[in-house]
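Every number in this text was worked out from the coordinates using simple rules, so none of it is lab data. Keep in mind it's a predicted model, so treat the numbers as computed, not measured. Cβ placement follows ideal geometry from the backbone for every residue including glycine, while neighbour counts extend to all protein chains displayed.
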Amino acid sequence: MTRKITRRQLLRTAGLGAGAVALGALPAAAAPEAGLLRGGGRALLGGSAGRGVLSLARVWPADADQWAALWSFDDTHARFDDGSVELLLWPGDLPRLDALGIRYRVTLPDLLAHEASLREAARGRRAVAVDVPGTGTTYRKLDAVSPVEALAGVTSYYGDLRALADAHPDMVQLFELPETSLEGRTVYGIEVCSDVAREDGRPVFYMDGLHHAREWPSGEFTIMFAYELVTGYGKDSRITELMDSVRTVLVPVQNPDGFTRSRDALTSYLSAHTPLDTPLLVSEQEYHRKNTRSHSGAPHPPLETGAGIDTNRNYGFQWGGDGSSGSPTSQTYRGPEPFSEPEARNVRALLSRLHAVTLNSNHTHGRLLLRPPGARTFGAFPDEEILTELGDAQAAHNGYRSIFSYELYDTTGTTMDWGYGAHGSLAYTYEHATSFHPDYPGYIAEAWTDGGVRESFLVLAEAAANPAWHGVLRGRLTDASGAPLPGRVSVEKTFEIPLWKDGDASNPAGIPALTEEHTSEMVTDADGSFVFHVNPSRRPFEPDEGVPYTVTVTAEDGRSASRTVHVGRGDVANLGEVAVS
Ligand code: 0X9
Ligand code: ZN
């Protein structure tokens, strides 16, 4: 059973106070763009005789078994006409490919050295800074920045979220997710809309970033959307309308431990936080993907290759299936049970209070716009036409390839499939860019503007308000004589989510189906009337009409009344006068 907390409790204004974690000061010798190796990684990795060097390879799987074996490798999403695919090879992967008999060719022996040389080559031709809201000189860090970094224009997610909320209290509300990360970091989100403190029933757009530690642009674009909204409000009619009609909820850093390991890899190395004789070298940390859960029982943060659980395989919809691995050191390790990780539980708790009509989880890379279902075996989803139409409408602006996500490869346990499968949200995964964290000045601002990322986000956010794509509950709270009363409205639903092939041999541990409890609340107008924009009450795979919503109205004096109601996508359910007693 999930712990019951109200949406308000969840979205309480958070006092950030001091940084959750004290990060090491950047030594004066370090480059301001910490985390980016300059002039070739070799020197920094000197003496390590190739340990920690990451490579790219093309592989030619020959049959279904070899394709399935690729789930446990690190796929870069590059696809070639001859049927080969590209993998990011970690230490130990080459012998694994050999053992599996999969044909391969190493195409880039040292990825980091290559990226460093590209950055060096780009240095002379960097564009002058473009004035794009929320951009800076380099990728944000998680929290505290040292004075040296601050001078170089480095900012942090948590500092910037707090500053946004402080500067725009009428439009931005900062909140803490219910659980801290494994290493004890707080996870923050913001809600952005006009008159943000008003607890009304506007439709919701939810977006997050940085499930995957190394995918730095995914957090940048998430927070940049907040800047776009607050900067445009009252000036740009499109943004003004969006802010008035949709509540946008953003969690830029879902996995703060993993992100810190990746973003601070070079800083930690130079400040000798990491013993120099550790096999965990800069490249392995900078390209870390998962959270940082130890598989060896080491204390946090673990100095361990292969640490972590893929938080984008840990969600509960069809958890445990195709495209996820049961092997702890795999890049796609799903964890021992669904929602074993606080990072995924946080998103579960948040979404269970939101009724997010549209949802996007940002990732890198591949310039892809992925829509459910995550695994081929699910077949067509009931809302396939809407999901395709809306996916294509977004991709028309950023030029990404708009596909069913299983067309890239199978996955189960992702945020996107949870959003659609457990909530009926129109849910997407964006794969931005053509590498995990391209050189900031050469990529972020341009991708946002000319590259159309901003426009595509606007399309998805606005789609939340499309009356054809969600349900509406309306009515009026009154007393027994029909006189209007102000109060609260809650919409609740309890139902079961099956796991992958529940009950058969693929679930030998007998992990039970998940019980989901969704409760969302709003406050009526002064005359007792309410309009609550919600997701369809019938979840995608529920039989018949599905489990209905229980709508409870509660007057300020505590008297209440309940109704059960089915509402479909595009429906308006008018409850009329709901008299409390
Ligand atoms: O594997 C993932 O979690 C995502 N790619 S990433 O390289 N950013 O890790 C893709 C998830 C989307 N779902 C499917 N492709 N089925
Ligand atoms: Zn990712």
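Some observations on this one:
- Net charge over other residues, Cβ less than 14 angstrom from the Cβ of V59 (K, R count +1; D, E count -1): -3
- Length added when fully stretched, T107-R563, from 0.36 nm per residue minus Cα-Cα: 157.9 nm
- Ordered by the count of other Cβ atoms within 10 Å of each Cβ, fewest first, I223, I511, I444 give I511, I223, I444.
- 222 nm mean residue ellipticity, helices alone, for the chain (DSSP H n ≥ 4; -39,500 (n - 2.57); rounded to 500): -7000 deg cm²/dmol
- Computed over the alpha carbons of the range 184-336, Rg followed by Dmax gives 18.9, 57 Å.
- Calculated P(r) tail over 44 Å for the chain, as whole % of Cα pairs: 16 percent
- Extent along principal axes [Cα atoms of the range 202-270; Å; largest to smallest]: 48, 22, 12
- Taking the range 108-216 and dividing mean pair separation by its residue count, relative contact order in percent (alpha carbons under 8 Å, at least six apart): 15 percent
- Dipole magnitude of the range 307-441, debye to nearest 20 (Cβ charges: Lys/Arg +1, Asp/Glu -1, about Cα centre): 260 debye
- Listed from fewest to most Cβ neighbours within 10 Å, the set T76, T358 follows the order T76, T358.
- Antiparallel beta bridges, as assigned by DSSP with both residues in the chain, represent about 65 percent of the total such bridges.
- Proportion of all alpha-carbon pairs of the range 333-488 beyond 27 Å (%): 33 percent
- Normalising the average separation of contacting C-alpha pairs (under 8 angstrom, six or more residues apart) by the number of residues puts the relative contact order of the chain at 14 percent.
- Sorted by Cβ neighbour density within 10 Å, fewest at the top, the residues V472, V230, V347: V472, V230, V347
- Assuming charge only on the beta carbon of Lys and Arg (+1) and of Asp and Glu (-1), the dipole of the range 464-581 about its Cα centre is about 200 debye to the nearest 20.
- Within the chain: Cβ-based charge dipole about Cα centre, in debye rounded to nearest 20 (Lys, Arg +1; Asp, Glu -1): 800 debye
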